[in-house]
Amino acid sequence: MLGNLREVVRPASVAEAVERMAAAGGALRPIAGGTATSVFRSREVQGVLDLWPLPLRFVRRDGDGLRIGATATFGDLVRSDAVRGFAGGALAEAAGRAASTTLRNLITVGGNLAGLYPWSDLPPVLLVLGARAEIAGPAGPELTVEELVAHHPSRRLGHHSLLTGVVVPEPPPSSATAFLKQGESAFDYGLASVATWVELDGAVCRGCRVALGSVEPRCRLLPEVESVVVNQALDGERAAAAGRLAADAVRPAADARASEGYRRQLVSVLVARALLEAARRAGGGGR
Amino acid sequence: MSAERDLKVVGRSVTKLDALGLACGQARYTDDVVIPGLLHAKILGSPHPHARIVALDTSRAEALPGVLAVLDHRNTPRVMRTTAGQGFPEPSPYDYTTFDDKVRFVGDRVAAVAAQTEAIACEALSLIRVEYEELPAVFDPEEALGPGAPVIHDEPDARAAIPVEYEPGRNLAAHVKVEVGDVERALAAAERVFTRRFTVHMASHAMLEPPITICDFDDTGRLVVRTSTQVPFHARRIVAQALQIPVRMVRVVKPRIGGGFGGKQEVMLEPVCALLAWRTRCPVRLAMTREEVFVTARTRHAQVIDLRTAVDGGGDLTAIDLKVVMNNGGYGSHALTVACNTGSKVLPIFNRVPNQRFEATTAYTNLPVGGAYRGYGATQGYFALGVVVDEMAAALGVDVVDLWRRHHIRAGETSPIFAALGEGRAGVVMTVDSCGLPECLDRGAEAIGWAEKRGRRPRDGSRVRGVGMVCLMQGSSIPEVDMGAASIKLNDDGSFNLLVGATDLGTGSDTVLAQIAAEVLGVGVEQVLVYSSDTDLTPFDVGAYASSTTYLSGGAVQKAAADARRQILAAAAAMTGASLEELDLADGAVVGPDGRPLVTLSEVALHTLYAHNQHQVMGIASHISHRSPPPFSAHFAEVEVDEETGVVRVLDYVAAVDCGTAVNPKLAEGQTEGAVVNGIGYALTERYLFDGRGRVLNPSFGGYKIPCAADIPPVRTILVSTWEPTGPFGAKSVSEIGINGPLPAIANAIFDAVGVRLTDAPFTPERVLSALRAR
Amino acid sequence: MRVELMLNGSRRALEVEPGEMLAFALRREGLFGVKIGCGEGDCGACTVLLDGEPVNSCLVLAARADGHAVTTIEGLGTVHEPHPIQRAFAEEGAVQCGYCIPGSILSTSALLASNPHPSDQEILGALDGNLCRCTGYVKKLVAIRRVVEEADHER
C-alpha cells in the first residue's frame, strides 16, 4: 500500500503529462512499470502519472535503426524479432536476463533508463550502441544516453521532463554486441554485467565499446579499455588484457555479497568473454 | 495382514486429495477469510542486538484513533516457556515469554499493537517510545561461551524443563556428550587420522506463505485460533499457557498452509495474537512480513563441526570423533535436540566403528534464532561426514562408493548410538530392520554415470566437470516420545470420515493417511474423507515434524481403520450369519472366503445406523513408535566448475532413496525433489548477510537467493523398495532425508572436478575461486 | 476511486484506494487465489494475467487496471470444470502446498498461449518468477510437458 498517494492521474497526451508533472514540482511522479516502489513511497509524492495510456509502448525498426517507446517492457523486447535480431542481440539478452518473466512484463525501457539503478540491465547495452534518448519537456528533444547517464538522469530530467523513448542507430555491418551478467541466481540483481560492441575488419577490430553495469553506482563506458583493443587482432590474449584493464579501471561500490577483489575478477572475465563473443558474432555476420 | 499381500491403494500415485482445489485457487489458507471487525496487529522489533528495555511509553500509540490495544512486558503475563513445538515437557529451555523487558537480537519483540487497519497499526508502532540500555553483544558461539562474554539470558526464571545441562550464566543453551569405546586410544593407535573443520551456515526456510494467525471467538466466548502451524496441539497448549486460561477455552484450527519445512514447528505468533484478541475481545489478524520471516522467525542452526576419523592398516574405520559447536541465536528453541540429531542421525550409519564420540555444545548469541528445519542437524552433520569419507577414499586409493558399501549399517544390525543419544532423554535400543542402501548405491551410481565420469575432469575452456556422492540416513518419528491418534467413522454410503490430528503442510499427508485407511478397509481412496488438525474435532497428534506423519500417524490410522474393520465384519457376520473368521473387506464390500461380496459397506452402514443394534461404526486408535526406522539414501551430483569465475553449476542430480514402501510414489518423489533443490540452494546460493551489529542485510527474496525454476538441474529420484515391518504397510519416512545430500555431494563433486575441498558452506563463486587460487 | 476493468471475463467496477495494489484489491473482491508471499515483487505468488501477460500484482496499483483485463486463477477453471493445466498440475504431483500454484499456472497459461511447443529451458524460464520451495519445480516441468502433449493430441 502506498498510503501517501492521493491520486492516480491518466494524462491524455505526452504534452499533458509533462505539463502536469512540471506544475506539481515533484508531488506527481510519472509511473511506468512501477516496480521500484520505493520511488513512489516518499512522503513528498502525492500522486502518480500513469504513462500506460500514452502511445509509448512500441518497438519499431526502420532504416535508421530501432525506435523503442518508453513504456515498452523488457518482455516486449525479448519477444520482438526486431530486437532479437538487432546488432547481435545484446538488447534482448540484457532484457531477458533482468529480474524474472513476470517482472519483465512490468519493467520498461524508460523506467530502467530514467531510474538508472546500479543494477539496471539495459543502459549498458544502450551505451555501447550509441543510443539516444528522446525527451519531452525542457531537457529535450534529445540527449545521447551517454550524456543522460553521466550523472543520475534525474539531474537532467528533473520533475520537468519525461523520457519518451530511445533510438538505437543501426550499427555498421560486421559489427555486433554481446551482453553477460552474473548474479547469484538466475533471477537476481547483477554482481557485474558487461555490454560490448565490436566492429571487425577481417580479424582486426576497427571499433569497440565496453560498458559496465551493476558494479558501480551508475553504469558507464570504459574508453580506456576500448583503446587497447581497437586496431588490434581481437584474440583471446588481447581480450584478456582488455579484461584486466577493465578490472583495474572499475571502482566497485561496496556490496555485502562479494568482495571488491572478486568483483574485479568478475569484471575482468566478463569483459574478455563479452569481447570475444561480440567479435564472434560480428565475424559471423551478426546473429 | 501379511507382508505378501497385494496392495491395492498403498503404493499407488493417487492424486493428492487437495491438489485440484489448490490448483483452482479454491483452497482456503489462513488469510482467506472475511471476518467483520477484524483488527490488524503489528509487532515492534528491537533495533539493537542486545539491550534492556529501560522505559516504554506507549501512551501516544494508545491514544491514536483506531488503536484498540498495545501490549508489552508491563501489561502481559510473564510465562516462561519455549517457542519450540515439542512434546511437553519440552527439551528446549524455558527462556522465553511473550513480551520481555530485554531484547536479544535485532528484531526481537518489544511490543505489539492491534488497530482497525494495518496502516494505523504501523503508525502506532512509530509512536511507541522505547528507551534501551544497550548491552555488549556477542555473535560468535565460541566467544559467547568464553570468559567475559555478555550474559544473554540473565533472567532468574530461565530454566530447563527437563533435567539436561543448561547454564545460561555462561550462555550455554545445551550440551551433550556420549562415547562408545575409547576414541582417544583408537586415534593414537590409528594408521591414519583425518581431521577437518567445517562451518555450516544459517538458512531460512523461505516457505512461500509467511506465518500468520487469526484469532476470533466462537459464540460461547472461546478463543478460536486459525493459524498456519505444523503443531496445532502444541499451539493450543502453549496459547492457553501464555494467556493463563484453561486449554478448553482454546481451539486451534489449521487451514491449508503454504509450506513449513520446520519453520512453523514453532509457536510464535499465536500467543501474541491471542493476547490481543483476548484483551480487545475482537478478532485479530497477525501476519509476518517477508522481512520478519527472515529476521524473527526461526532458522537453520549454524554449526562449527570438527570431525576426526581414524583408519587402520586394513583400510577400516576404527574411530569417529564428532564435535559440534552450535549457534542458537537469542533463544534456545531446539538447542538440545538439533544438536543431538547431528550425532544421532549421522554416527549410526557407520555402526560397526567400535569407537565413536559425539559432543555438542550449543551457545546463545545475539543473532536470529535457530529452530527446526528439515534435516534437523543431520543436514549439518552429513556435510562433515560426507566430505571426510570422500577424503578418506581418496587417501586410501579406493572408490568412495565402495568405502560406503563396506562400512554402512545393514539390515539386522544396531548401533550403540541409538540407545545413547535420544532427543533430550535416553535413546532407544533398536535394530535396523530395513536397509536398501546397497540398491540405492547401485542404481544411483549407474544413473549418474559414476564409473564413466569419476576422476575424468573433462574440460571445456575454463569449465571442468566432476561427480561426487554421499550416503544418508535419517529417522522416522521420535520413538517413545511422540504420539499420533486417529478416528474413522462409517457413513451411509460406505464412505468414511477420517479424523487425524496429523498436520498436512502441503506434503500430502492427508492423502497418504487416506490411502492407508483405504487399504485396510478395502475401498478406493475417494471413499475416505480426511479432516485434519482441528483441536476440537480431531484426536491428538504431535504434529508434522521428525518425519513422523507417514510412519507414526500412519500407524495410528492403520490401527483405527483395523478397529473399524473389526466392527464392520462383526456387523456383517450378524447380518449374514457368516462366521467372522471367514470374512474380509474388498472393493467396498464384505466378502466371503470365495471372495464374493456378501453385503456392501453401505448396507452395513445403513443396518448399523438405522436397523438393529444401532451404533456408529467408528474406529479409534493411538500409536506411539518404539523405534525410528531410518530411511536411507544415496545422492550423486555432477557439477561444472568455472575456474575463472568460481561459479558452480549442478548439471545432474540423482537421489536414490529407500523409504520402505512408498505409500504414494509420486508424493515421495515430490518430497525428495523439493528437498534436493532446497539443499542445492543451501549449498550454493543461500546465506544470511549481517552487518557488524547483528542486523540482517538481506531479509528479502531479492537478497536471499533460493533456487528459481531457471536454476535447477535435472533431478532424478529412484525409489528403492524395502519393507519396514514396524511401519504401516512397510513404510518409513521420506520427507527430510533428501535435503541432507546436496551439501556433501556437491562439495565432493567440486573436489572431483578441480581438486579443492570446500569445508565452508555455502560454496559461493568467491569462495570457490579463493580455494582454486590457493590450490 | 472507481476502477472499471474486465475481471475474469466479466466487466466489473471496483472501489479502490489510490495507493492500493491490485493484489489486495483482488483479494478484497474474494479472489483469494491471488496470494501474498512477499508483497514486494520477488516471489510471484501474486501473479495475475494483465491483458494476458503474467505480472506481479503486488506491484501494480489497482487504479491502473482501469480499462484493462485481469485474469486470476479463478478465471481459468474451477474444481468442477478445471483447465487442462490445473488438472495436469494436480495429477502429476506438481502441487504440494499450493501457495505458488495459482501464479505458476497463470504463467504457464501465458507461455503456452504464445509458445505452444516450448523447450524445457523455455518452460523453466517462463516460471522463473514463480518461486517454489516445495517441489523443486521438477514435477511442474512434467505437468507442463503433459499439457503440451495433450494439446498436440487434440490438434
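The values are calculated or read from the model by the stated rules, or taken from the named source; none is laboratory data. The structure presented is a predicted model; accordingly, all values stated were derived computationally and were not measured. In this analysis, Cβ positions are derived from the backbone assuming ideal geometry, glycine residues included, and neighbour counts consider all displayed protein chains.
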Residues satisfying the stated conditions in the stretch A:179-210, i.e. away from every other protein chain (no Cβ under 14 Å), closer than 18 Å to A:Leu270 by Cα and of a type in the set (Val, Ile, Thr)
A:Thr196, A:Val198, A:Val210
Hits in the stretch C:85-95 (condition: more than 19 Å from C:Cys46 (Cβ to Cβ), within 7 Å of chain B (Cβ to nearest Cβ) and buried (at least 24 other Cβ atoms within 10 Å of the Cβ))
C:Ala90, C:Gly93
Could you say which residue among B:Ile680, B:Ile718 is more than 8 Å from every other protein chain (Cβ to nearest Cβ) and either without any contact (Cβ under 8 Å) to a residue 12 or more places away in the chain or assigned to a strand (DSSP E or B) (or both)?
B:Ile718
Complete set of residues in the stretch B:596-649 that are of a type in the set (Lys, Arg) and assigned to a loop (DSSP other than H, G, I, E, B)
B:Arg596, B:Arg627
Does the stretch B:662-669 contain at least one residue that is surrounded by fewer than 24 Cβ atoms within 10 Å (Cβ to Cβ), facing another protein chain (nearest Cβ under 7 Å) and touching a Leu at 6+ places or on another chain (Cβ under 7 Å)?
no
As an exercise: evaluate C:Gly67 against (1) within 13 Å of chain B (Cβ to nearest Cβ); (2) under 25 Å from C:Arg2 (Cα atoms) and give the number of the one condition it does not meet.
(1)
Would you pick out the residues in the stretch B:20-43 that are facing another protein chain (nearest Cβ under 9 Å) and assigned to a loop (DSSP other than H, G, I, E, B)?
B:Cys24, B:Gly25, B:Gln26, B:Ala27, B:Arg28, B:Asp31, B:Asp32, B:Val33, B:Val34
Please go through the stretch B:117-134 and give me each residue that is within 14 Å of another protein chain (Cβ to nearest Cβ) and not in a helix (DSSP H, G or I), ordered by number.
B:Thr117
Mind telling me which of the residues A:Gly137, A:Gly202, A:Gly213 ends up being on the phi > 0 side of the Ramachandran plot and either at pLDDT below 95 or not assigned by TED's automatic domain parsing to the domain that holds A:Leu103 (or both)?
A:Gly202
Taking first residues from the stretch A:1-26 that are within 14 Å of another protein chain (Cβ to nearest Cβ) and second residues anywhere that are outside any helix (DSSP H, G or I) and at pLDDT below 95, the pairs with Cβ under 6 Å that are 6 or more apart or on different chains are A:Asn4/A:Arg43
Taking B:Glu191 as the residue in question, decide whether it is of a type in the set (Asp, Glu), over 20 Å from B:Leu269 (Cα atoms) and without any contact (Cβ under 8 Å) to a residue 60 or more places away in the chain.
no
Provide a single number: the residues in the stretch A:184-205 that are within 17 Å of the chain's Cα centre (by Cα) and either within 11 Å of A:Ala279 (Cβ to Cβ) or without any contact (Cβ under 8 Å) to a residue 40 or more places away in the chain (or both).
3
Specify which of the listed residues (B:Val599, B:Val647, B:Val617) is surrounded by fewer than 24 Cβ atoms within 10 Å (Cβ to Cβ), touching a helix residue (DSSP H, G or I) at 6+ places or on another chain (Cβ under 8 Å), of a type outside the set (Asp, Glu) and outside the structural domain of B:Ala556 (by TED's automatic domain parsing).
B:Val647
Residues of the stretch B:344-362 being aromatic (Phe, Trp, Tyr) and closer than 13 Å to B:His407 by Cβ, which ones?
B:Phe350
Pick out the one residue from B:Gly386, B:Gly381 that is touching a Ser or Thr at 6+ places or on another chain (Cβ under 7 Å), modelled with pLDDT of 95 or more, in a helix (DSSP H, G or I) and not basic (Lys, Arg).
B:Gly381
Just to be sure before I move on: is B:Val557 within 30 Å of B:Arg627 (Cα to Cα), of a type outside the set (Phe, Trp, Tyr) and in a helix (DSSP H, G or I) in the structure I sent?
yes
Residue identified as within 25 Å of A:Thr35 (Cα to Cα), in a loop (DSSP other than H, G, I, E, B) and β-branched (Val, Ile, Thr) among C:Val34, C:Val95
C:Val34
Exactly one of these conditions fails for A:Ala258: (1) more than 17 Å from the chain's Cα centre (by Cα); (2) among the small types (Gly, Ala, Ser); (3) outside any loop (DSSP other than H, G, I, E, B). Give me its number.
(3)
Condition set among the polar types (S, T, N, Q) and assigned to a loop (DSSP other than H, G, I, E, B), scope the stretch A:47-89, selection nearest to A:Asp121 (Cα to Cα): answer is A:Thr71
Being outside any helix (DSSP H, G or I), more than 11 Å from chain C (Cβ to nearest Cβ) and of a type in the set (Gly, Ala, Ser) is the filter; apply it to the stretch A:99-136 and report the residue that is farthest from the chain's Cα centre (by Cα).
A:Ala136
Restricted to the stretch A:28-70 and to residues being of a type in the set (Gly, Ala, Ser), away from chain C (no Cβ under 12 Å) and more than 18 Å from A:Arg104 (Cα to Cα), the residue surrounded by the most Cβ atoms within 10 Å (Cβ to Cβ) is A:Gly65
Would you mind stating whether A:Glu93 is within 14 Å of another protein chain (Cβ to nearest Cβ) and acidic (Asp, Glu)?
yes
Within the group C:Pro118, C:Pro82, which residue is more than 7 Å from chain B (Cβ to nearest Cβ) and assigned to a loop (DSSP other than H, G, I, E, B)?
C:Pro118
I'd like the residue in the stretch B:69-85 that is crowded, with 20+ Cβ neighbours inside 10 Å and more than 28 Å from the chain's Cα centre (by Cα) and, out of all such residues, is farthest from B:Phe105 (Cα to Cα).
B:Ala69
Has the stretch B:582-589 got at least one residue that is surrounded by 24 or more Cβ atoms within 10 Å (Cβ to Cβ) and either closer than 30 Å to B:Arg405 by Cβ or among the acidic types (Asp, Glu) (or both)?
no
All positions within the stretch B:688-714 that are of a type outside the set (Val, Ile, Thr), closer than 12 Å to B:Phe294 by Cβ and surrounded by 21 or more Cβ atoms within 10 Å (Cβ to Cβ)
B:Tyr688, B:Pro699, B:Phe701, B:Tyr704
So which of B:Asp101, B:Asp108 is under 29 Å from the mean Cα position of the chain (by Cα) and not β-branched (Val, Ile, Thr)?
B:Asp108
Tell me, please, whether a residue that is within 25 Å of C:Gly41 (Cα to Cα), facing chain B (nearest Cβ under 7 Å), surrounded by 24 or more Cβ atoms within 10 Å (Cβ to Cβ) and in contact with a Phe, Trp or Tyr (Cβ under 7 Å, 6 or more places away or on another chain) can be found in the stretch C:100-108.
yes
Got at least one residue in the stretch B:145-168 being of a type outside the set (Val, Ile, Thr), surrounded by fewer than 22 Cβ atoms within 10 Å (Cβ to Cβ), assigned to a helix (DSSP H, G or I) and at pLDDT 95 or above?
yes
